Amino acid sequence: MIRIYSALFLAALIATPAQAVGEKGGFADAPFSIGGRLGAALPLGPEVIGGRGSQSAAYGARLRLNVHKKWDAMIDYDGIDLKGGMRVDAFNFGAVWRPRGRKPAEPYVLLALSGIGLDDFPDSNGQDSTFGFKIGAGIETELRGDLTIAPEIAYLQATKLGNNVHDFHAIIGSLNLNYYFGRKWEKEEPAKTAAAPKDSDGDGVYDSSDNCPTTPSGRKVDAKGCQLDSDGDGVLDYDDKCPSTPKGTHVDAKGCRVIVKGEKVSISLEVEFETAKHEVRTQYHGKIQKVADFMKKYPGTSAEIEGHTDNRGDEGYNVGLSQRRSDSVRQYLIDNFGIEAGRLSAKGYGPSKPIAGNETADGRQKNRRVVATITGNE
């Protein structure tokens with residue numbers, strides 16, 4: 001019977017894989033350990049078997065497989081040399097429980113079912129065997145990453161051993177040396193569900209692409225999540241009261257045009273006069289109103305009304321005529337639109353500032369003109 005147990009134990013050792021899959025582990029996470037121990041046993045059985053209270057040499061070996069953070073499966077062997085040349089062999093199959101997992105100094109408890117044999121028993125044809133159990137406890141301490149030492153106390157019991165009439169009990173104290181090996185198990189990670197893209201400011205652009213992640217709600221944004229400035233005047237569309245201001249125009253905080261000090265704006269009035277006359281005809285009221293409206297919109301401005309002629313006729317006469325015509329337009333702005341006289345001046349330039357050639361009728365027509373040049377004063 002002892003040979004059967006020995007064969008089973010050896011087969012279990014051989015069949016156990018040397019390595020698991022994954023990175024190499026140590027005491028903290030290696031799946032396998034193998035160890036040996038030396039110690040002493042105190043038999044508590046009858047005189048014929050062990051000699052009650054007679055101390056005996058004890059030795060053993062153990063193979064463990066970690067099956068859970070706190071649990072190891074165990075195959076264990078105990079040998080006890082009794083007086084009279086007898087020997088008890090115990091093959092134990094059970095588990096080791098570590099209440100705190102694998103720590104540098106960790107207590108443990110073991111429990112196993114045992115196949116126990118007695119060799120060289122004088123009244124049993126040399127051998128006898130039965131079943132029993134083993135319980136024990138110890139403290140395992142790490143010496144280095146893969147090597148531990150553990151003092152252990154265990155209790156081994158068998159019934160009807162020795163011609164099937166004697167009980168055998170023994171307390172075994174031993175010092176265990178254990179080697180941990182194998183590669184730690186690779187746990188299959190559950191598939192991670194991709195997190196939904198986040199848009200913290202709710203502008204329709206995900207945070208990962210949002211260069212302006214704190215845009216206030218309700219604002220129109222570009223592809224980078226930043227507020228729009230459609231007319232490029234430096235005032236965001238949400239705050240822009242004049243959203244179509246020409247590019248490069250000076251604007252105020254509301255995005256509306258302002259005339260800054262020294263800035264000049266020219267408005268052509270397209271007013272035509274009868275030959276050699278300077279009176280403004282009522283049909284050009286709307287043309288002149290453009291200047292009035294502009295000056296009312298920008299009260300910090302002044303305007304010079306410029307009169308121009310072509311080069312036909314006497315130059316002195318043309319200068320005088322252009323002065324009278326510019327004076328007429330200035331007065332029209334004062335009388336009909338209420339523009340302050342102090343904001344208006346008039347000057348006749350005659351033919352001195354042509355904008356087209358005087359060789360053709362069309363060119364001369366373009367040169368006969370009245371222009372309002374408006375200047376910012378603030």
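In the stretch 257-296, the residue that is farthest from residue 334 (Cα to Cα) out of those that are in contact with a Phe, Trp or Tyr (Cβ under 6 Å, 6 or more places away or on another chain) and assigned to a loop (DSSP other than H, G, I, E, B) is 259. Here 307, 316 are screened, and the one residue that is touching an Asp or Glu at 6+ places or on another chain (Cβ under 9 Å), of a type outside the set (Lys, Arg) and not in a loop (DSSP other than H, G, I, E, B) is 307.
For the stretch 218-276, filtered to residues that are touching a Lys or Arg at 6+ places or on another chain (Cβ under 9 Å), of a type in the set (Ser, Thr, Tyr) and under 25 Å from residue 289 (Cα atoms), the residue that is surrounded by the most Cβ atoms within 10 Å (Cβ to Cβ) is 245. Being aliphatic (A, V, I, L, M), at pLDDT 80 or above, surrounded by 20 or more Cβ atoms within 10 Å (Cβ to Cβ) and closer than 25 Å to residue 35 by Cα holds for only one residue in 95, 150, 137, 105, and it is 150. Just one of the listed residues (161, 177) is modelled with pLDDT of 90 or more and in the same structural domain as residue 38 (by TED's automatic domain parsing), namely 177. Residue 306 falls short of the stated requirement of being assigned by TED's automatic domain parsing to the domain that holds residue 270 and over 18 Å from residue 272 (Cα atoms). In the stretch 72-92, the residue that is surrounded by the fewest Cβ atoms within 10 Å (Cβ to Cβ) out of those that are in contact with a Pro (Cβ under 9 Å, 6 or more places away or on another chain) and within 14 Å of residue 59 (Cβ to Cβ) is 82.
Restricting attention to the stretch 277-307, the residues that are within 60 Å of the chain's Cα centre (by Cα) and surrounded by fewer than 15 Cβ atoms within 10 Å (Cβ to Cβ) total 6.
Answer yes or no as to whether residue 352 is over 29 Å from residue 299 (Cα atoms), surrounded by fewer than 16 Cβ atoms within 10 Å (Cβ to Cβ) and in the same structural domain as residue 288 (by TED's automatic domain parsing). Yes.
Residues that are small (Gly, Ala, Ser) and in a strand (DSSP E or B) are absent from the stretch 96-103 altogether.
The set of residues from the stretch 273-327 being aromatic (Phe, Trp, Tyr), over 30 Å from residue 258 (Cβ atoms) and touching a helix residue (DSSP H, G or I) at 6+ places or on another chain (Cβ under 9 Å) comprises just one member, 273.
The values are calculated or read from the model by the stated rules, or taken from the named source; none is laboratory data. This one's a predicted model, so the numbers in the text were calculated from it and none came from an experiment. In this analysis, Cβ positions are derived from the backbone assuming ideal geometry, glycine residues included, and neighbour counts consider all displayed protein chains.
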